[in-house]
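This report refers to the structure that appears directly beneath it.
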Amino acid sequence: MDQQHSNGDVRTSAADSLEFKLLIAYTRKRRPADTLLQQDVPSSPQPAEDHSKPKKNKRNKRLSFLLKCIKPQTDKPAHVQQPATLAGSDGGKVDEMENMVSELTEISDSVHFTPSDIEPDSDDVVEKLVELLREHGDKLDKKIKEDKVLHEKLQSSLTYGFFKKVMEAFCGSVSPDLPPEQKDKKVNVALVCEATSQLVGIHYHPMTYVLGLGAQYLQEKYSTWINRNMHAGNGEVGDEVQ
C-alpha cells in the first residue's frame, strides 16, 4: 500500500528507526549548507499545538523573559548553540553512524552507471527522474522544473509506491561491469541514501516525509545488512553479498 503523508508526518516505525537516522546523517553530510538539515530533525511526528490552553502561559513566558532581561550579567560566556546531534544516540553510536556515512558517500561517488537509453520525448516519469538523479546532482531542482509533467508528478503524488519504483530503477542502472567489491548490498544502500538526499534537497515535500520514504525502503530491503554493519567493526562497511 502506498504511504501517504499529512503535514509531513511519516510512519512512526520508519521515523524512529536506525535507517531514518542513517538517512539524516547521510543527507547532512551531502548538504552541509542546508540550514534545515543542521537543526534537530524530529524522529517522529510532532503533536499539534493546543490553542485551547489559557493565555496565562503566555503571560508567564513574558514575565520570565523580562526577568532575564534585568538579571545582572555574569562573567560566564554566552551559550553557543551546538550542532544538532542524532537524537537518542550516545557518542559511540554517533561514531559508528559517521563511519558508515563516510564509507557510503565514497561508494556513491565512485559508482558508474550504464549509458542512458531513455528517449528525449519519453513520458516515463520514473525513468526521467532516475536519469536526473544520475546526472544532475545539485541542478536537480532546476532540471525537474524544466519538465512540466515530472514537476507536477513530484509535487502532487510522491507516494511510497512511486518512490520504490524510482529506487529500484536507480539501483538497477549501475554498470554491470563493476568490480566484485561493488556488487553487494552496500552499493544499493549507498545509492538509496544518495537518491533520498537529492530528493530532500528539492524541498517539494516536508523533509521528514521524504526521509521516511527512504527509511521505509531501507527497512524493507536492507534492514538486516544495516544493523549488522552498524554494530560490527565500529560502523565500517563490510563486503557482504548476503
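Just add up the charged neighbours of Lys29: K/R +1, D/E -1, any other residue whose Cβ is under 12 Å from the Cβ of Lys29. Walk me through the intermediate numbers first.
Values: positive: Arg28, Arg30, Arg31; negative: Asp34, Glu98, Glu103, Glu106, Asp109, Glu194.
Spelling it out: positives minus negatives among the neighbours equals -3.
In region 195-234, how does Rg compare with the Kirkwood Rh, expressed as the Rg/Rh ratio over alpha carbon atoms?
Working: Rg = 12.4 Å, Rh = 11.2 Å.
My calculation puts Rg/Rh at 1.11.
Gain in length, Asp95 to His231, computed as 0.36 nm per residue apart minus the alpha-carbon separation, to one decimal in nm?
Values: separation 136, 0.36 × 136 = 48.96 nm, distance 1.09 nm.
Net length gain for the segment: 47.9 nm.
If the chain between Ala33 and Ser156 were fully stretched, how many nm would it gain, using 0.36 nm times the residue separation less the Cα-Cα distance?
Here the segment from Ala33 to Ser156 would lengthen by 41.6 nm.
Report the label-to-label distance for Asp124 and Glu106 in nanometres (one decimal), using points 7 Å from each Cα along the Cα→Cβ vector.
Modelled inter-label distance: 3.4 nm.
A short reminder: the numbers here are calculations on the coordinates, not readings from a lab. Source: prediction; values computed, not measured. Positions of Cβ are generated from backbone atoms using ideal geometry, with glycine treated the same way; all protein chains shown enter the neighbour counts.
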